[in-house]
Amino acid sequence: MEEIRVVIGGRTASRVISADSLQALTPLLEAYPKVFLVYDRNVAWVAQEIAAACPPAGMKVLDASEKAKDMATVLDLCSWLLEAGADRSSLLLAVGGGITTDLAGFAACIYRRGIRFAFVPTTLLAQVDAAIGGKTGVNFLDFKNMLGVIRQPEFTFECAQVLRTLPRRDFLSGAAELLKTFLIDNTGNAYEKAVALLSAPADSATLQTLIAAAAKVKAGIVSRDEQERGERRCLNLGHTFAHAIEHEARQAGLDVTHGEAVAVGILLAARLSEAMGLAPKGLAARLEADWTACGLPTGVPFDPATLTAAMTKDKKAEGDTIHFVLLSSIGQVEIRKISAAEATALLI
Ligand code: GLY
């Protein structure tokens, strides 16, 4: 078992516990007088295993989807907590992917002005990104994650075993975020190790080690910049292009996962970095070869002009300029403020 701390203002604000079995969760839960468990229906088996070892005071199933990631679901969770008798000493435990952890985390943040919460992420994407760092929230009107707060979970419990029922496409979606993390910080050549792991048949022990390594990178970034004033923006590597791709895919009725869009977005960020003279020639081609080996997509489904228009609508755009996260090498990123039109012109 490994423990990674998120330290904010000199105190431990959250812990990421990495363990190779769900059994290690029981003593953590026993520290709370009452635990309420909310879980995504797709991973009912994980919730049942947890509940059998440590019976919760209440249990609720969610059908997590981007469409149901809204205030109505949060209010429904709050009603359930109230009816089930959750008080200020209770812990809300969320078991599921990033949608479930975002919904439950946000409900916990507002119920009785905030109760404690913890996560057992069951997707690779949530394990390496969404369930660490305290961002919680819901979609509002047509905007993703428009309502929310940043408040740290008590702990995030990471166990590669729970990924065994994750569909391959969802696993690859998380793989894009895993590789993104190591492109930002390649301590111990984690990027090369991740490419090797993802190019070969799954090896659970190595996967657990890499998930913990990614959690360490993210916990470090959040510890230094919880409120995303500077360094935390690095975690958006590939995301400016990815959000534009996702937006256009929705308009065109195309089925593109977040991770697939991030994978392509990172390649575009690498090409832009080369065109701006920040990255050595050949970096983008190397990443493209790695993506192909890992089974990630490399083709850009829209033309540059379409992506430019979508990027200027991004909620993180400031007027016409955007903070682009660029790559100078594997393990080193740089943020530059440029216009979407300028970026696109360099990519043509
Ligand atoms: N998912 C990016 C962040 O937590 O800042």
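Determine whether K60 is at pLDDT 95 or above, within 20 Å of K144 (Cα to Cα) and among the basic types (K, R).
Details: at pLDDT 95 or above: yes; within 20 Å of K144 (Cα to Cα): no; among the basic types (K, R): yes.
The answer is no for K60.
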Among the numbered criteria (1) within 16 Å of the ligand (Cβ to nearest atom); (2) in contact with an Asp or Glu (Cβ under 9 Å, 6 or more places away or on another chain); (3) more than 30 Å from Q161 (Cβ to Cβ), which single criterion is violated by I245? (1)
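Determine whether L278 is touching a strand residue (DSSP E or B) at 6+ places or on another chain (Cβ under 7 Å) and touching a residue at least 12 places away in the same chain (Cβ under 8 Å). Explain how you work it out, then say what you get.
Details: touching a strand residue (DSSP E or B) at 6+ places or on another chain (Cβ under 7 Å): yes; touching a residue at least 12 places away in the same chain (Cβ under 8 Å): yes.
Criteria met by L278.
Quick grid of which residues meet (1) in contact with a helix residue (DSSP H, G or I) (Cβ under 7 Å, 6 or more places away or on another chain); (2) assigned to a strand (DSSP E or B); (3) polar (S, T, N, Q); (4) more than 16 Å from the ligand (Cβ to nearest atom):
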residue: L92; (1), (2), (3), (4): yes, yes, no, yes
residue: T100; (1), (2), (3), (4): no, no, yes, no
residue: A104; (1), (2), (3), (4): yes, no, no, yes
residue: A107; (1), (2), (3), (4): yes, no, no, yes
residue: Y111; (1), (2), (3), (4): yes, no, no, yes
residue: A126; (1), (2), (3), (4): yes, no, no, no
residue: D129; (1), (2), (3), (4): yes, no, no, no
residue: I132; (1), (2), (3), (4): yes, no, no, no
residue: G137; (1), (2), (3), (4): yes, yes, no, no
Which is farther than 17 Å from V325 by Cβ, within 18 Å of the chain's Cα centre (by Cα), within 15 Å of the ligand (Cβ to nearest atom) and of a type in the set (D, E), of E260, E226? E226
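Can you tell me which residue in region 183-220 is surrounded by the fewest Cβ atoms within 10 Å (Cβ to Cβ), limited to those that are within 15 Å of the ligand (Cβ to nearest atom) and farther than 18 Å from E2 by Cα?
Step one: filter region 183-220 for residues within 15 Å of the ligand (Cβ to nearest atom), giving 183-185, 214-220.
Checking the rest, the ones that are also farther than 18 Å from E2 by Cα come to 183-185.
On the way: L183: 26, I184: 22, D185: 20.
Result: D185.
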Going through (1) within 15 Å of the ligand (Cβ to nearest atom); (2) outside any helix (DSSP H, G or I) one by one, P280 fails only at (1)
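The values are calculated or read from the model by the stated rules, or taken from the named source; none is laboratory data. Source: prediction; values computed, not measured. In this analysis, Cβ positions are derived from the backbone assuming ideal geometry, glycine residues included, and neighbour counts consider all displayed protein chains.
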